[in-house]
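Single-structure report; data block below.
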Amino acid sequence: MTEQRHSNVDPSWLRGLTSPRMSRRSVLKSMGVGAGALSLSAILAACGTPEAEAPVTGAQPGGEGSPEWWAERVAEGPGENVNFTNWPQYIDLKGDGEGNRVRPTLDAFIEETGINVTYRADINDNAGFYASIRPALEAGEPTGHDIIVITNGTELTELRQRGFLIELDHSLTPNFNANADPSIVDPAFDPDNQYTMSWQSGMTGIAWNTDFVDEEVTSFESLLDDRYAGHIGMFANDDTPNLVMAWLGIEPTTSTPEDWQKAADWMVEQRDSGLVRAYYTQDFLRAFQEGDLWITMAWSGDIINQQLYNPQYASFRFDVPQEGGMLWTDNCCIPTLAENPYGAIQVMDWYYQPDIAALLTEWNAYVSPVPAGGELVQQHADEASGGTKTILQTIAGSPYVFPDADLSSRLYSYREFTTGEELEQWNDLFRPIYVS
Amino acid sequence: MSAASVAEVEVGASTEPAREYRPKKRWTRFLLPTYSTAFILYLSFPIFIIILFSFNDSRTGFGTAPRVSTAWLGFTTRWYQNLFEIPDLTKALEHSLTVALLGAISAAILGTLIGLALARYRYRGKGATDFVIFLSISSPEIVLGAALASFFVSANFDRGLITLYLSHTMFSIAFVAVVVRARASGLDRALEDAAMDLGAGPLVTFLKITLPLVFPGILAGFFLAFALSMDDFVISQFVQGPALMFPTWVVGATKVGIPPHVFVFASLIFTGGLLLAGAFALQVRRRR
Amino acid sequence: MERPLPTDLRELTKRRKRRGRSLAPYALLGPGALWLFLLFLIPMVSMGGIALQEGNALDGFVQTFRFANFTEVLSKNEEFLVRSLRNGAIVTALALVIAYPVAYWIAFYGGRAKNVFLFLVLLPFLVSFSIRTVAWSFILSDNGLVLGALKSLGAPEGWTILNTTPAVIAGITYNLLPFTVLPLYVSLERIDRSVVEAAKDLYSNRFEAFRKVVFPLSLPGVFAAILLTSIPAVGDYLNATVLGGPGDFMIGNVIQDEFLTARDYPEAAALAFLLMAVLLVGAVLYARLLGTEEVTT
């Protein structure tokens, strides 16, 4: 029944291959098309791709962001609407008793000034968001956002250095000037707050689950503990190299490539010993909640919120180890060609009033840029009762929301990059560790 | 035939062993249907969990928005009652459904045409078409997304629902084409030739003979395109601009904590589809 | 408007002019091809240009036609490429084996409810990938539904499914099953039952009928299914991110990371083209292996 054919395939199967497919000839033909496309691309690429401009270190005279320019904007008056784009669950939200959700602090602004604010929680991570606005920025088009909130890091560096942000006129930010916490004024990543004002800050430390971890974690060495092998979480972002360097006794902001190598070696050893379960970008919390992670790098606000609102997670703990933690900041800034910059800067400054800042921090339990808010939170706590009282009390007294001197001394800032080569070197060293 | 010989034949028939048709054994009859049912249940299993947890009472605190919890905290229908509480989420879902529907229809039309052309005709540029279809399927979404974003900006095209529609249709066309082509290739030309012999013009033949025969492929392609579009995250992220889409919204929420409303929507979509399928099945039964 | 039936013998034997036919494919292709050209080819070509650039995100990129980008990117990421291809092969094989019986059953025994069953197969995938995956992570987490139950029955405490390679493979397979079922179904469904019955009349049993008649006739569907499953499988990155651990990342992860986080666009673009080239070579080899010439029906 089976005859020997030149191919070793059952002839009945051969018969079945009736659909046209790529024959040798057709592939060669299409290769020709491909080659043509490549040369076409060459022509296109020569004209089409935008290149970065030289780093801009300030507004050009009379140009966007200069005092004259701002004066014009003020004279025009604020527009009707401000497009405020932020991270999710970062602004206070409340049921208004009629089944709708309102944002008290923002609504207060709208009522006071008459300017509408379109609030969108579109930012899920810095890199993804930046990637979505980059094409518009590079082409010199408006992005559609008036305020964006970017964490200090390479994206913010790029935005600043490539002239994609509008310089702020601090004569228009009285609340900021009066009330901002000195530690976030003139930060390393944005000298003189030229382009940014902090929205909230946070800490990167270590969280552990007392269901699985008996001890009180005070040192980063616990992240090397064999007992927790396979249940340790690390971050897949710049938190990790900076923090590891701090733990190894190196000041991150002045670290050299040799220092980086030490941190990289530490991380590689940790990973190759099978200690790390995974490198997380944002969703460490889920794994932590499910008990897959017993001890992990973590962000302060995330854990505090769990402790406050989810009694089933009473076993969660957070602390900044003795060797140190990171202090990061999510910053409001105004992208270039924003439609309503004057309205935007008013919104940004609104949140530097102590009572507004207090309400915000009460909601998201991150580090407020307005220390005076702390007293107000305490006041609210005294006035409240029941469950609310406990919550407010905890927030008012938490060193992770209102850091004391001791904790502040243990918090480090990130390594900033000014040249592309440095950044490339850093990335080439660390990225292969978490993308493996 | 005499009565005696009939009797002989009958007796003879019962003593000869039946050769080629062994009666089907009971158990093998149920093998395939059981397997297929198990398969469909397995595919739906995560959805059942989602439906279950959409009734989970993961509390709203004073400040924090509710998030789904992995632990069971009590039964509630609260999330179903306050379904549209989160305006962003509702809007995102609306957008996704619209783009998916329109995109799937467009892709079904365009993809079918291409699939038919590929399956039935030889023409110059066929290899190139094959190549382009293949490229379209095999391109990593992320590169495609970024390329599209750059393209729209350089073409001064505002990113939003329209660019979403254009992009979603684009990436679905190739899939529909492949499915339709698999269906159309091997369709007997004789049927169409017969129609033409009977005086039908090419258009009529196409509409009355070819299309109905290919229709299962078109339908399959449509569903595929719809599912692809509803599920798309990477490309949407690049071309959505300010427009919210359900998958991007959910992925964002996954990282911080998904509101239970997401599970409710998912449950409703699934149950809605289930009811649709049920209605369809009933209608089919009744037609018998 | 019907043409009158030809009664003249000469008319009947005249070769029907196929002049109109030769334009038909182009008319069919036209709209779709235009769409793809504008929204696929042109952006792809521009990405090709980017793949040839040099530079970095802070200082900017310059077009230097640096073809060495491609070879560099290959040597840097060989491991990921091999891993992705391996995963893709396993996923495709698994998916084919799992999906074929279902496609067969729906096509042959589905009756008028065929479309209903198809719809049921696709239904879970209307719910977003991320929600489904979160559900799987509930189910598969260390103390979740599956492992929690097993452990209370005495399974070892240290068992983990999440963040392992099998989890990634299972996840990718799960997500691609509809892509496998649909093309298989479509080609199985159009097989004429009388052909199968003819085989049975010729004394073949059910298995032979399948092997020699049904399966070969379904091969175009198998080919389409392999195409539609293996390619997304190799390029997948979401499953590795959510379900995988260190050492599980695939080439898609690298591209995504290069593009979004490192913002080394030339490297990302070059890697993307490399991925497509590998898949193209694979497909061509596959076609040649089966020794087919181009056949038109």
Item to check | Number of the exception - B:ARG159 against (1) in contact (Cβ under 8 Å) with a residue 24 or more places away in the chain; (2) at the interface with another protein chain (Cβ under 7 Å from one of its Cβ atoms); (3) not in a helix (DSSP H, G or I) | outcome: (2)
Next on the checklist: If I filter region C:219-263 down to residues being closer than 25 Å to A:ASP272 by Cβ and among the polar types (S, T, N, Q), which single residue comes out as surrounded by the most Cβ atoms within 10 Å (Cβ to Cβ)?
Outcome noted: C:ASN239
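Any idea how many residues of region C:85-122 are among the hydroxyl-bearing types (Ser, Thr, Tyr), within 11 Å of chain B (Cβ to nearest Cβ) and either buried (at least 16 other Cβ atoms within 10 Å of the Cβ) or farther than 20 Å from B:ALA38 by Cβ (or both)?
So the count comes out to 2.
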Item to check | Members of region C:236-272 that are closer than 17 Å to C:THR133 by Cα, among the hydrophobic types (A, V, I, L, M, F, W, C) and in a helix (DSSP H, G or I) | outcome: C:LEU238, C:ALA240, C:VAL242, C:LEU243
Next on the checklist: Against the condition farther than 16 Å from A:ILE184 by Cα and touching a residue at least 40 places away in the same chain (Cβ under 8 Å), how does A:ALA344 come out, does it pass?
Outcome noted: yes
Item to check | Cβ pairs under 8 Å, 6+ apart, first in region B:36-60 and in contact (Cβ under 8 Å) with a residue 12 or more places away in the chain, second among the basic types (Lys, Arg) | outcome: B:ILE47/C:ARG132; B:ILE50/C:ARG132; B:ASP57/B:ARG78; B:SER58/B:ARG67
Item to check | Among (1) buried (at least 21 other Cβ atoms within 10 Å of the Cβ); (2) farther than 30 Å from C:PRO183 by Cβ, the one test that C:LEU74 misses | outcome: (1)
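Return the only residue of B:ALA71, B:ALA65, B:ALA38 being modelled with pLDDT of 80 or more and of a type in the set (Gly, Ala, Ser).
Just a single option satisfies the conditions, and that option is B:ALA38.
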Item to check | Residue pairs meeting the criteria (Cβ under 6 Å; at least 6 apart or on separate chains; first in a loop (DSSP other than H, G, I, E, B), in region A:206-222; second among the aliphatic types (A, V, I, L, M) and surrounded by 14 or more Cβ atoms within 10 Å (Cβ to Cβ)) | outcome: A:VAL213/A:ILE295; A:VAL217/A:ILE206
Checklist entry - C:ARG211: among the basic types (Lys, Arg), more than 20 Å from the chain's Cα centre (by Cα) and either away from chain A (no Cβ under 12 Å) or surrounded by 23 or more Cβ atoms within 10 Å (Cβ to Cβ) (or both), yes or no? => result no
Checklist entry - Which of (1) more than 8 Å from every other protein chain (Cβ to nearest Cβ); (2) more than 22 Å from the chain's Cα centre (by Cα); (3) crowded, with 19+ Cβ neighbours inside 10 Å is the odd one out, the single condition B:PHE152 does not satisfy? => result (1)
Checklist outcome for this item: In region B:79-89, anything at pLDDT 80 or above and either among the charged types (D, E, K, R) or buried (at least 16 other Cβ atoms within 10 Å of the Cβ) (or both) is listed as B:TRP79, B:LEU89
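Can you pull out the residues in region A:133-179 that are basic (Lys, Arg) and surrounded by 24 or more Cβ atoms within 10 Å (Cβ to Cβ)?
A:ARG134, the sole residue that qualifies.
Is it true that C:GLU208 is assigned to a helix (DSSP H, G or I), of a type outside the set (A, V, I, L, M) and farther than 30 Å from B:GLY115 by Cβ?
Taking the combined requirement at face value, the residue satisfies it.
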Checklist outcome for this item: Only one of B:GLY241, B:GLY201, B:GLY186 is on the phi > 0 side of the Ramachandran plot and more than 7 Å from chain C (Cβ to nearest Cβ), namely B:GLY241
Checklist entry - Quick one: would you say A:ARG286 is in contact with an Asp or Glu (Cβ under 9 Å, 6 or more places away or on another chain), assigned to a helix (DSSP H, G or I) and modelled with pLDDT under 95? => result yes
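If you check B:ARG120 against the conditions, is it facing another protein chain (nearest Cβ under 9 Å), surrounded by 21 or more Cβ atoms within 10 Å (Cβ to Cβ) and over 17 Å from A:SER132 (Cα atoms)?
Working: facing another protein chain (nearest Cβ under 9 Å): yes; surrounded by 21 or more Cβ atoms within 10 Å (Cβ to Cβ): yes; over 17 Å from A:SER132 (Cα atoms): yes.
Against the criterion (facing another protein chain (nearest Cβ under 9 Å), surrounded by 21 or more Cβ atoms within 10 Å (Cβ to Cβ) and over 17 Å from A:SER132 (Cα atoms)), B:ARG120 qualifies.
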Item to check | Tally of residues being touching a residue at least 60 places away in the same chain (Cβ under 8 Å) and at positive phi across region A:256-315 | outcome: 1
Item to check | Residue in region A:238-250 that is among the small types (Gly, Ala, Ser), within 22 Å of A:THR418 (Cα to Cα), in contact (Cβ under 8 Å) with a residue 24 or more places away in the chain and buried (at least 23 other Cβ atoms within 10 Å of the Cβ) present | outcome: yes
Checklist entry - Out of region C:125-154, which residues are under 12 Å from C:ASN175 (Cβ atoms) and aromatic (Phe, Trp, Tyr)? => result C:PHE125, C:PHE129, C:TRP136
Checklist entry - In region B:159-197, which residues are out of contact with any Ser or Thr (no Cβ under 7 Å at 6 or more places or on another chain), crowded, with 16+ Cβ neighbours inside 10 Å and farther than 25 Å from B:ALA227 by Cβ? => result B:LEU187
Checklist outcome for this item: Scanning region C:42-61 for residues that are at the interface with another protein chain (Cβ under 7 Å from one of its Cβ atoms) and of a type in the set (A, V, I, L, M, F, W, C) gives C:ILE42, C:MET44, C:VAL45, C:MET47, C:ILE50, C:LEU52, C:ALA57, C:LEU58, C:PHE61
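Scan region A:231-252 residue by residue and report those that are part of a helix (DSSP H, G or I) and touching a helix residue (DSSP H, G or I) at 6+ places or on another chain (Cβ under 9 Å).
Residues satisfying the conditions are A:THR240, A:PRO241, A:ASN242, A:LEU243, A:VAL244, A:MET245, A:ALA246, A:TRP247, A:PRO252.
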Checklist entry - Would you pick out the residues in region B:206-238 that are within 9 Å of another protein chain (Cβ to nearest Cβ) and polar (S, T, N, Q)? => result B:GLN237
Checklist entry - Within region B:179-288, which helices (runs of 4 or more DSSP H) (wholly inside it) include 1 or more residues that are under 30 Å from B:TYR80 (Cβ atoms)? => result B:211-231, B:234-239, B:246-256, B:260-287
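The values are calculated or read from the model by the stated rules, or taken from the named source; none is laboratory data. None of the values given here were measured: they were computed from a predicted structure. Ideal geometry is used to build each Cβ from the backbone, glycine not excepted, and the neighbour counts take in all protein chains shown.
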